[in-house]
Amino acid sequence: MSKKMNVESFNLDHTKVAAPYVRLVGVTTGSNGDNVYKYDIRFKQPNKEHMDMPGLHSIEHLMAENIRNHMDNVLDIGPMGCQTGFYLAILNNDNYDEVLDTLEKTLHDVLEATEVPACNEVQCGWAANHSLEGAKAIARDMLDKRNEWHQVFAQ
């Protein structure tokens, strides 16, 4: 990788990271001084494992709906195309430990869920592609390694 690319994650050496982790990708300051903090929440080891689509789709719905119960300034949480993690965008909050605690609470919400929110053809673009049990398995795996979330690179 000699040439710096426009997309931050394309400049990240994916062979050097050790999932799971939560990494601050960058901060963007708006014209009015607001800051958007973007996090890489990596659930699976890049190029070694990935989340199956029905489980990923369901945990996306569950996290998107529930994370806002624990933190007011969430702009978005969305999956990576590689199916190894999510990006989280937060407005005006640079407290990394609060992000980790919020993620932990949100994943516990996933484990307690009895249904996937907005899992219907009116509210979802692929309503047939969901798995609550798959989402719970992903959440359990991530929570089992909670003590590793701060460690991004393999040692």
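The values are calculated or read from the model by the stated rules, or taken from the named source; none is laboratory data. Keep in mind it's a predicted model, so treat the numbers as computed, not measured. Quick reminder, even Gly has a Cβ in these numbers, built from the backbone with ideal geometry, and neighbours come from all protein chains shown. Heavy atoms of the whole protein, side chains included, go into the accessibility calculation; ligands, DNA and RNA do not. Shrake-Rupley method; radii C 1.70, N 1.55, O 1.52, S 1.80 Å.
Please find, within the stretch 35-52, the residue that is nearest to W126 (Cα to Cα) out of those that are open to solvent by 70 Å² or more (accessible area, probe 1.4 Å) and touching a residue at least 24 places away in the same chain (Cβ under 8 Å).
Restricting to residues being open to solvent by 70 Å² or more (accessible area, probe 1.4 Å) and touching a residue at least 24 places away in the same chain (Cβ under 8 Å), the top hit is D52.
Of everything in the stretch 14-34 that is free of Cβ contacts under 8 Å to residues at least 40 places away in the same chain and closer than 17 Å to Q83 by Cα, the residue that is surrounded by the most Cβ atoms within 10 Å (Cβ to Cβ) is H14.
Figure legend. Inter-residue proximity from the stretch 137-155: first residues touching a residue at least 60 places away in the same chain (Cβ under 8 Å), second residues assigned to a helix (DSSP H, G or I), beta-carbon distance below 6 Å, spacing 6+ or different chains. Indicated pairs: I138/G55; I138/I59; A139/L107; A139/V110; A139/L111; M142/L107; W149/L100.
Pairs meeting the criteria (first residue in the stretch 82-108 and in contact (Cβ under 8 Å) with a residue 40 or more places away in the chain, second residue among the polar types (S, T, N, Q) and surrounded by 15 or more Cβ atoms within 10 Å (Cβ to Cβ), beta carbons under 7 Å, at least 6 apart or on different chains) are T106/N66.
Screening the stretch 105-118 for residues that are in contact with a His (Cβ under 9 Å, 6 or more places away or on another chain) and surrounded by fewer than 18 Cβ atoms within 10 Å (Cβ to Cβ) and picking the one that is farthest from N147 (Cα to Cα) gives A118.
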